[in-house]
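Undergrad: What follows is a single structure, and I will ask about it in a moment.
Bear in mind that the values in this text are calculations on the coordinates, not laboratory data. Remember, it's a predicted structure, so these values are computed and weren't measured experimentally. Positions of Cβ are backbone-derived with ideal geometry, glycine not excepted, and every protein chain shown enters the neighbour counts.
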Amino acid sequence: MKAGSNLEKVINSGQFAVTGELGPPKSADISALREHGETMRNYVDAFNITDNQTAIVRTSSIGVAGALLQMGLEPVVQMTVRDRNRIALQGDLLGAVAMGVKNVLCLSGDHQMFGNEAAAKGVYDIDSMQLLKAFKDIRDEGKFIGGDDLEAPLSVYLGAVANPFADPFEYRVDRLEKKIAAGASFIQTQCIFDLDRFKRWMELVRERGLHKKVAILGGVTPIKSLGAARYMKNFVSGITIPDELIDRLKGAEKKKEEGLKIAIETIQQLKEIEGVAGVHVMAIAWEEVVPDIVERAGLYPRPKLS
């Protein structure tokens, strides 16, 4: 059995975890991604690598993970059920772990109709819950979905996503509970702008004791501009942005700095919410600001665990 991931160790130690996100490019040239990874080195505990996000063709998450491993950085590999059947998913898990990947995030994936290959056939052979359960069974029981035995044990830290802002609100905690039962050890949430709603969700999480069964990492995205905030508010499903936040950006002389302040304040509030184990910083196309955010939020230096 290989040693646990750095992310797992940080979470299990009770430290407030920090992960960052890197989106692979629409080419095989990952030099910019490497630079972003180097910039964020020592500021995050692991790097989430998206899997053809927004259903747009990009360098594979597992391929990018291999490059990060060569750099001495720890990836969290996203794997979606949109594009692969159970044979490919299980094979990719084995390949990723063989390469040195220790964290895998299981999710459905953005529907192909929203991407640059709208005519692509969605596979969805199994759903994200079944994917979690399958990977958990491979790890813990040594069994593939079809019943065959795994020839050698493997270790992998399994995660999933949660969106406290989607409707119906009451179902959000039910779905979280199901993902925990399926095998999720950590959860990364959708971007948090509506802290009041997130706090209500966390109250329901604590009522069921789920915060003691899974590590919840709150999603934080710094907003670059008023236009970006308005776009997310009006056109991005599953994200809620309060009017007061829009007004705050509108009245700010320096929009980018105000966006950073909002992200930092959000992290500071998340640190005070019982049951929040860390943050997942998604600085989309703005990765260079992650070190500044982490420092100003009081989360630097990161813990060094053997």
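Undergrad: So how much slack lies between ALA32 and TYR171, counting 0.36 nm per residue of separation and subtracting their Cα-Cα distance, in nm?
TA: 46.1 nm
Undergrad: Residues in segment 1-38 near a label at LEU150, defined as backbone nitrogen under 16 Å from the 7 Å Cα→Cβ point?
TA: The answer is 1-5.
Undergrad: Let me have the relative contact order for segment 1-150, percent, based on Cα pairs under 8 Å that are six or more residues apart.
TA: On the way: 239 pairs, mean separation 30.0, N = 150.
Taking the mean separation of contacting Cα pairs over the length of segment 1-150, I get 20 percent.
Undergrad: So for segment 6-296, averaging the separation of alpha carbon pairs under 8 Å that are six or more residues apart and normalising by length, what relative contact order in percent results? Write out the running numbers ahead of the final one.
TA: Values: 527 pairs, mean separation 52.7, N = 291.
Here the relative contact order equals 18 percent.
Undergrad: Per the Debye formula with a single identical scatterer at each Cα and no solvent contribution, what log10 I(q)/I(0) holds for segment 93-181 at q = 0.14, 0.25 Å⁻¹?
TA: Results for segment 93-181 at q = 0.14, 0.25 Å⁻¹ read -0.64, -1.24.
Undergrad: Here is a follow-up. Report the FRET efficiency, 1/(1 + (r/R0)^6), for GLN70 and GLN268, where r is their Cβ-Cβ distance and R0 is 41 Å, rounded to 0.05. Working shown, then result.
TA: Details: r = 35 Å, r/R0 = 0.85.
After rounding to 0.05, the efficiency reads 0.75.
Undergrad: In whole angstrom, how far apart do the alpha carbon centroids of segment 1-51 and segment 79-110 sit?
TA: One Cα centre to the other: 17 Å.
Undergrad: Given H placed 1.01 Å from N in the peptide plane, which residues other than close sequence neighbours of PHE193 have an amide H under 5 Å from its amide H?
TA: So PHE193 has HN proximity to THR240.
Undergrad: For the pair ARG208 and THR39, how long in nm is the line joining their label points, each one 7 Å along Cα→Cβ?
TA: 3.8 nm
Undergrad: For LYS212, what is the net charge nearby, where nearby means another residue's Cβ is under 11 Å from its Cβ and Lys, Arg count +1, Asp, Glu -1? Walk me through the numbers on the way to the answer.
TA: Working: positive: ARG206, ARG208, LYS213; negative: GLU274.
Summing Lys and Arg as +1 and Asp and Glu as -1 gives +2.
Undergrad: Suppose we flag trypsin sites (Lys or Arg not before Pro) only when DSSP calls them loop and at most 10 other Cβ atoms lie within 10 Å. Which is the longest uninterrupted stretch of the chain?
TA: Working: sites that count: LYS121, LYS254, LYS304.
That would be 122-253.
Undergrad: Once you put a point 7 Å from the Cα of ALA88 and another 7 Å from the Cα of LYS261, both along the Cβ direction, what distance in nm separates them?
TA: Between ALA88 and LYS261, the label points sit 4.7 nm apart.
Undergrad: Largest first and to the nearest Å, give the Cα extent of segment 167-303 along each principal axis.
TA: Here the spans come out as 46, 37, 24 Å, largest first.
Undergrad: Let me ask you something else. Going by amide H atoms built from the backbone, whose H comes under 5 Å of the H on LEU105, apart from near neighbours?
TA: Residues meeting the amide H criterion: VAL77, GLN78, MET79, GLY159.
Undergrad: Give me the net charge of GLY159's neighbourhood, meaning all other residues with Cβ under 11 Å from the Cβ of GLY159; Lys, Arg count +1, Asp, Glu -1. Provide the component values of the computation, followed by the final result.
TA: Numbers: positive: LYS179; negative: GLU8.
Overall, the nearby charge balance is 0.
Undergrad: Please identify, among SER27, SER60, SER128, the residue showing maximal mean-square fluctuation in a Gaussian network model of the chain using a 10 angstrom Cα cutoff.
TA: Taking springs between Cα atoms under 10 Å, the residue moving most is SER27.
Undergrad: DSSP loop GluC sites (Glu not before Pro) in segment 209-306 with at most 13 other Cβ atoms within 10 Å of their Cβ, which ones?
TA: GLU253, GLU272, GLU274
Undergrad: Now for a different question. Going by a ≥ b ≥ c, the root eigenvalues of the Cα gyration tensor, does the chain fall in the rounded group (a/c under 1.5), the prolate group (a/b larger than b/c) or the oblate group? Please list the in-between numbers first.
TA: On the way: a/c = 1.40, a/b = 1.37, b/c = 1.02.
The shape class here is rounded.
Undergrad: Mind scanning LYS102/LYS271; LYS179/LYS199; LYS26/LYS256; LYS102/LYS261; LYS26/LYS133; LYS26/LYS224 and naming the pairs with a C-alpha gap bigger than 28 Å?
TA: Details: LYS102/LYS271 26 Å; LYS179/LYS199 20 Å; LYS26/LYS256 26 Å; LYS102/LYS261 33 Å; LYS26/LYS133 31 Å; LYS26/LYS224 22 Å.
The answer is LYS102/LYS261; LYS26/LYS133.
Undergrad: How would you order 150-157, 216-223 from highest to lowest mean count of nearby Cβ atoms within 10 Å?
TA: 216-223, 150-157
Undergrad: Sticking with this structure for a sec: Mind giving me the FRET efficiency for TYR231 and HIS111? R0 is 25 Å, r the Cβ-Cβ distance, nearest 0.05 is fine.
TA: Numbers: r = 19 Å, r/R0 = 0.76.
E(calc), rounded to 0.05, equals 0.85.
Undergrad: Once both axes come from the Cα atoms, what is the angle between helix 61-70 and the longest principal axis of the chain, in degrees from 0 to 90, rounded to 10?
TA: 90 degrees
Undergrad: Using alpha carbons only, how many degrees (0 to 90, rounded to 10) separate the axis of helix 171-182 from the longest principal axis of the chain?
TA: 30 degrees
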